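Here is the structure we will look at, set down as structure tokens.
The values are calculated or read from the model by the stated rules, or taken from the named source; none is laboratory data. None of these values were measured; they are calculated from a predicted model. Backbone-built Cβ (ideal geometry, glycine too); neighbour counts: all protein chains shown. Ligands, DNA and RNA are excluded from the accessible area calculation, which covers all protein heavy atoms including side chains. Shrake-Rupley method; radii C 1.70, N 1.55, O 1.52, S 1.80 Å.
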Amino acid sequence: MRVFLDQLGCRLNFSENSTLAGRLNAAGHRIVGRAEEAQVIVLNTCAVTSQAARKSRQAARHLNRRNPDARIAMTGCYATLAPRESAKFPGVELVADNSAKEMLHTLLEPWSAEFSDPDDLSRIQPHGTPFAPASTEEEGGRTRAFVKVQDGCQNRCTFCIVTALRGDSRSRTTAEVVSEVQGLVDGGYREAVLTGVHLGAFGRDLDGGQRSDLKELTAAILTDTDIARLRLSSLEPWELADGFFDLWQRWPGRLCPHLHLPLQAGTDAQLRRMARRCTVASFRQLAADARAAIPNLIITTDLIVGFPGESDADFEEGLQFVEEMRFAHAHIFPFSARTGTAAAEFDGQVKKAVKRERSRRMHQVAARSGQLERTRYVGATRPVLWEGSGQPLTDQADTLLWSGLTDNYLRVTAQAPAGTDLSNRITPVRLDELHGETLYGEPLLP
Ligand code: SF4
């Protein structure tokens, strides 16, 4: 579904909306830059002063006038303080107090069935793309663009409907991709994210001289274009070319030290049932090799809990492996049977309540390891690409709040004087504190 996020108030609201945008995007929803385009509007309110509360009320009415068809979810301090009044505003169908904010993406999920776009396959991809979309021009600049380099997949993971719908892997040519990336650079983009249904299979289906692989494509882009940053999206944890991680040593400042490696399950028995082409040992080795070769690497993943046949013992073993892998973030999907996949017919379907409980525990483990990974960067300096156009603080008109991502995919918020334009710039930032999933820092400007 198409979601517009709006907020008033403090830097916490601002960074929460950034986090929410990432989560919604990871779940296959699209963040839009205008309320008029949205099916769902999330308003993160403020009540620090009576004026802030008044502005929150005005914003709710105004958003409904801009798009009377959209459903509005109100959250934040005003919604917590005045839930009944909040629920009465036209268009408001959900009021989530501050304690429910962390789960807001889940609370919105029931609406998605009504708004899903039948042509949009991203929601049925098991691993989706974990990367936040580029800021729209309206939000103040072109920052990150997605470049799809291949479609389809030869594998037949037993939970995955994508192959049935998308067919075998088909790649674009290297020349075509290189030219698109240079076009993005010319259009002002600073970061390109290479995506595909099975990105690691890129180029192997091409004939003759055009045959290639992801390592060659990455090298060609970094050699033949001026893109400031290149990021790889979800990569199945197998089939990577020999010396794949050498790429980061060759282009340390431009190739982002971030890998999204969908593990899906943390035991060999479950990986086999899923028909994944890796084992726990091969995944462990891959993560170790990557970490040894790429300084400051952040690894994120996807996990399925409650896959058919998952016993209590399987789950506990998988949980331990997930903890050992130190993922900075995990998208956790309770298994849901898709008609047309092998797993939908498997014996040993897991009860809903058990899946829910396993999902809760897996979230806890992932949140803990994510927190540990982020904490390692408090006190460090990392380059941040700033998105959007800076948000004024309710109570400090001379200061703007900026949000952006480090090269290794950490969400950062920083304040800067109103006259400083950080939009679409990459600047070093000293990371001072961690709150929730966001690091707060100070841009080190020349
Ligand atoms: S590798 Fe598996 S999960 Fe990924 S697209 Fe192919 S079949 Fe689906």
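Details
- P(r) tail fraction, segment 122-375 - alpha-carbon pairs more than 34 Å apart, %: 18 percent
- Total charge dipole magnitude, segment 381-443, about the Cα centre, Cβ charges on Lys, Arg, Asp, Glu only, Debye to nearest 20: 200 debye
- Restricting attention to the chain, close to 40% of DSSP beta bridges with both partner residues there are antiparallel.
- Figure note: Y409, Y440 ranked by solvent-accessible area, largest first, 1.4 Å probe, ligands and nucleic acids not counted: Y409, Y440.
- Globularity index of segment 366-419, i.e. its alpha-carbon radius of gyration over 2.2 N^0.38 Å: 1.33
- Highest average first, the peptides 223-236, 88-101 ordered by how many other beta carbon atoms sit within 10 Å of their residues are 223-236, 88-101.
- Here segment 301-446 carries DSSP beta bridges of which approximately 75% are antiparallel, counting only pairs with both residues inside.
- Segment Q51-Q396, extension gain: residue separation times 0.36 nm, minus the distance between their alpha carbons: 122.9 nm
- Descending principal axes extents, segment 253-314, alpha-carbon based, whole Å: 44, 19, 17
- Residue among V384, H435, T413 farthest towards the positive dipole end of segment 381-443, charges placed on Cβ: V384
- Close lysine pairs were tallied over the chain: pairs 8 or more places apart or on different chains with Cα atoms under 25 Å apart number 6.
- Cut-off under 5 Å, modelled amide H: who pairs with A241 long-range: K215
- Computed from backbone phi with θ = phi - 60° and the Karplus coefficients 6.51, -1.76 and 1.60, the 3J(HN,Hα) list for segment 275-288 is 6, 7, 9, 9, 10, 4, 5, 5, 5, 4, 5, 4, 5, 5 Hz; x is used for glycine and proline.
- Placing dummy labels 7 Å off each Cα toward the beta-carbon, the span from Q320 to D168 is 4.2 nm.
- Accessible surface, per residue, of the chain when the full set of protein chains is kept, probe 1.4 Å, Å²: 42 Å²
- Annotation for V354 and S99: the two label points, set 7 Å from Cα along the Cα-Cβ direction, are 3.1 nm apart.
- Computed over the chain: relative contact order in percent, which uses C-alpha pairs under 8 Å that are six or more apart: 12 percent
- Annotation for segment 183-251 versus segment 375-419: alpha-carbon center distance of 28 Å.
- If you wrap the tightest convex hull around every Cα atom of the chain and split its volume per residue, you get 140 Å³.
- Near R382, the amide H atoms lying under 5 Å from its own belong to V429, L431; only residues 5 or more places off or on other chains count, and H is placed 1.01 Å from N.
- Whole-percent carbon and sulfur share, accessible surface of segment 381-443, 1.4 Å: 46 percent
- Stokes-Einstein translational diffusion, segment 328-446 - Kirkwood Rh over all Cα pairs, 0.692 mPa s, 37 °C, in µm²/s: 194 µm²/s
- Built amide H within the under 5 Å cut-off of G9, gap 5+: T394
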